[in-house]
Amino acid sequence: MAKKLLLLCCWLFLPQVLAATQLTLYGYHSSPPFVINAEAETGLNYDLVRALQQQLGENYQLQYKFLPRPQLNARLQAGEPTIVLWANPAWFSNKVQPYSWTTEIFIDRDVFVSHSEFTGDLTELNNLAGSTLGAIRGYSYPGVNELVEQRRVTRLDAESDKENLARLLERNVDHVVITRSSFLYYGRQQHYLGKLRIVGEPYPAYKRQLLLTQHYQNLLGAFDKAINELPKQEFWTARLELYGLKAQ
């Protein structure tokens with residue numbers, strides 16, 4: 001009798017398991033606030049996947065996977081089914097099989113940060129002339145690229161925002177370019193508190209969205225609905241506040 005009951009429970013539960021759509025969400029950002037500690041799975045990448053899981057419910061089973069940008073590019077170029085976190089149409093395009101884009105999750109932008117004692121401003125890129133700028137290796141910055149080519153600005157590349165900010169504190173660079181979300185995270189830490197400030201936002205703001213390849217176009221509505229509900233979700237709003245992103 002017990003065996004029959006067990007089989008019956010398995011039979012009733014099996015359709016629910018089979019009905020859940022397995023989805024992998026790829027993230028290519030490895031710096032805070034997107035990844036704080038990969039081993040502990042802390043950071044916005046993990047938080048967003050958990051928050052979306054709450055909204056989507058048992059119909060979908062989400063998992064997160066980190067993929068460096070070059071490997072992500074190769075995956076997209078190969079036409080493999082892919083969902084990308086924090087993307088923007090300005091950075092990814094496919095004219096043959098256009099991607100689908102969710103509604104925005106939050107707004108971000110690249111900003112210039114200097115030591116708090118710096119009295120000038122960098123509202124215009126030409127104000128960088130004669131300075132040394134800390135940037136991220138492999139990243140392109142319109143306007144800055146030209147100033148570097150003209151030798152009006154010296155660019156010093158680093159592997160991470162943390163390395164750039166350390167150089168700024170040590171006065172090895174005059175300014176750094178960093179995403180606003182990353183600086184809001186670092187700026188709240190005791191090591192940086194009150195020592196650095198945003199001195200210019202010459203670049204336009206951009207939306208951070210989910211990219212869905214054509215394989216997942218039918219899921220766009222479900223993701224949009226989930227994202228629109230995030231501002232009401234206690235877990236998600238608490239995580240944003242923790243990283244200093246509450247105002248975004």
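The values are calculated or read from the model by the stated rules, or taken from the named source; none is laboratory data. All figures in this text were calculated on a predicted structure; none of them were measured in a lab. We place every Cβ from the backbone using ideal geometry, glycine too, and count neighbours over all the protein chains shown. Heavy atoms of the whole protein, side chains included, go into the accessibility calculation; ligands, DNA and RNA do not. Shrake-Rupley method; radii C 1.70, N 1.55, O 1.52, S 1.80 Å.
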Q) among the aromatic types (Phe, Trp, Tyr) and closer than 14 Å to Tyr216 by Cβ - does that describe any residue in the stretch 62-84? A) no
Q.
Between Leu72, Leu85, which is within 24 Å of Leu240 (Cα to Cα) and in contact with a strand residue (DSSP E or B) (Cβ under 9 Å, 6 or more places away or on another chain)?
A. Leu85
Q | Search result, residues across the stretch 122-137 that are open to solvent by 80 Å² or more (accessible area, probe 1.4 Å) and not basic (Lys, Arg) | A | Thr123, Glu124, Asn126
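Taking Thr237, is it in contact with a strand residue (DSSP E or B) (Cβ under 6 Å, 6 or more places away or on another chain), surrounded by 14 or more Cβ atoms within 10 Å (Cβ to Cβ) and not hydrophobic (A, V, I, L, M, F, W, C)?
Considered against the rule, which asks whether it is in contact with a strand residue (DSSP E or B) (Cβ under 6 Å, 6 or more places away or on another chain), surrounded by 14 or more Cβ atoms within 10 Å (Cβ to Cβ) and not hydrophobic (A, V, I, L, M, F, W, C), Thr237 comes out as no.
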Q. Looking at the stretch 39-63, which of the residues that are under 16 Å from Leu230 (Cβ atoms) and assigned to a strand (DSSP E or B) is most open to solvent (accessible area, probe 1.4 Å)?
A. Tyr60
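Can Tyr60 be described as more than 12 Å from the chain's Cα centre (by Cα) and over 23 Å from Pro204 (Cβ atoms)?
Yes, satisfied.
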Q. Under 7 Å by Cβ, and 6 or more places apart or on different chains, what pairs join a residue from the stretch 47-71 that is farther than 11 Å from Thr24 by Cα with one that is open to solvent by 90 Å² or more (accessible area, probe 1.4 Å) and in a helix (DSSP H, G or I)?
A. Glu58/Gln16
Q. Within the stretch 85-117, can you find the residues that are assigned to a loop (DSSP other than H, G, I, E, B) and closer than 19 Å to Ser182 by Cβ?
A. Asn88, Ala90, Trp91, Glu104, Ile105, Arg109, Ser116
Q: Please name all residue pairs, on different chains or six or more residues apart, with Cβ atoms under 7 Å, provided the first residue is in the stretch 129-144 and is closer than 24 Å to Asn73 by Cα and free of Cβ contacts under 8 Å to residues at least 60 places away in the same chain and the second residue is assigned to a loop (DSSP other than H, G, I, E, B) and small (Gly, Ala, Ser).
A: none
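A quick yes/no check of all residues on (1) under 18 Å from the mean Cα position of the chain (by Cα); (2) at pLDDT below 95:
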site	(1), (2)
Gln190	no, yes
Gly221	no, no
Leu230	yes, no
Gly244	yes, yes
